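See below for the structure under consideration.
No lab work stands behind these numbers, since they all come straight from the coordinates. Quick caveat, the model's predicted, so the values are computed rather than measured. Here the Cβ positions follow ideal geometry from the backbone for every residue, glycine too, while neighbour counts run over all protein chains shown.
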Amino acid sequence: MSDPRDYLCLALDTEDADQARRMSETLGESILWHKVGSALAVQGGEALIRDLKAAGKKVFLDYKFHDIDQTVANAVSGAVRLGVDLLTVHAVAPVVRAASTAKGNSDTKIVAVTVLTSMDESDLKAEGWSDGAPALVRSRAQTAINEGADGVVASAQEAKMLRDILPPSTFIVTPGIRPAGGDAQDQKRISTPASAIRDGSNLLVVGRPILQANDPKGAANAILEEIAGALN
C-alpha cells in the first residue's frame, strides 16, 4: 500500500527559518516532504535545508530558477550538493536544458513551472495569451520534458491532461491544493487533495491550510486521510 506521506509536501512559507523548523518539529512524522521557497533563501534557507535533510526529510527547493545558462547551472549544482530532492526552474527551453545537464546523474529531480496557480484566464490575457491556461500549460510542459526535465509544476486542474500526454514517468507537482470546503485565498486554479490524486498528481503542495490551522498536525493528518482514500 502506498504511503500517503509520499504525496504530501508542506510549503514552509514562514517568516523565517526558525519558524519553519518549529513547524517541522510540531508536525513530526506526519510530514515527510518540505518545500523551501525563495522567501527563505535570504533568511537561513541553506542551513534549514541541511537540518531537514539531517532529520531524514525530503526537500523540495522551490526557487524557480530562471536566468542565463551558466547561472542556472551553477545554482542547480549547488542544490545538488545540498542533497535537495526536487527543485524548480521555469519551463523555458534553455533554462531547463541547463538545469538538466547540471544535475548530471544525481537523484535530484528537476521540475519545470508552467503557469502559476495564482493566475487565471484574465491574468494570461493581460500578458497577451488568449488561448487559455490549459493550452499554455500543455505547451510549456511538453517543452520542459523534451529538454530533459523530470517533471512539471501545474495546477491540479491540468494534471489529468498532462498525465495523458506526457511520458508515464513524468513527476507532476500540484500547488493550489485546498481541502474540501477550504478557503481558496489568493489561489485561483485550485483542487482538493482527493481530486488531484485521482487526476495523476505525484506531489501535492499545501501551505496555509496547515500552517494557519489551529491544530497544524491535525490538519495535516486530515489531508493524509483524504489522500489515502483516493489512493485506495
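Okay, here's what the table says:
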quantity	calculated
Calculated SAXS-style log₁₀ I(q)/I(0) at q = 0.20, 0.23 Å⁻¹ - the stretch 10-82, Debye, Cα scatterers	-0.81, -1.02
Percentage of interatomic Cα-Cα distances in the stretch 136-176 larger than 13 Å	41 percent
Span per principal axis, largest first, for the Cα atoms of the stretch 1-52 (Å)	39, 19, 17
Antiparallel bridge percentage (DSSP; both residues within the chain; nearest 5)	0 percent
For the stretch 4-231, alpha-carbon Rg relative to the globular expectation (2.2 N^0.38 Å, N residues)	0.96
Computed [θ] at 222 nm, deg cm²/dmol, the chain (DSSP H ≥ 4; -39,500 (n - 2.57); rounded to nearest 500)	-12500 deg cm²/dmol
Phi to ³J(HN,Hα) by Karplus 6.51 cos²θ - 1.76 cosθ + 1.60 over the stretch 67-76, Hz, x for Gly, Pro	7, 5, 3, 5, 5, 4, 4, 5, 5, 5
Top positive-direction residue, dipole computed over the stretch 4-231 with Cβ charges, set S118, I223, Q70	Q70
Assigned charges on the beta-carbon of Lys, Arg, Asp, Glu; the chain dipole about Cα centre (debye)	360 debye
Lysine pairs within the chain, Cα separation less than 25 Å, 8 or more sequence positions apart or different chains	28
Residue-span extension gain [Q212 to S106] - 0.36 nm each, minus C-alpha spacing	34.7 nm
Convex hull volume of the stretch 73-112 per residue (C-alpha atoms, cubic angstrom)	50 Å³
Given charges at Cβ of Lys, Arg, Asp, Glu: the stretch 4-231 dipole, positive-most of G128, S169, I197	S169
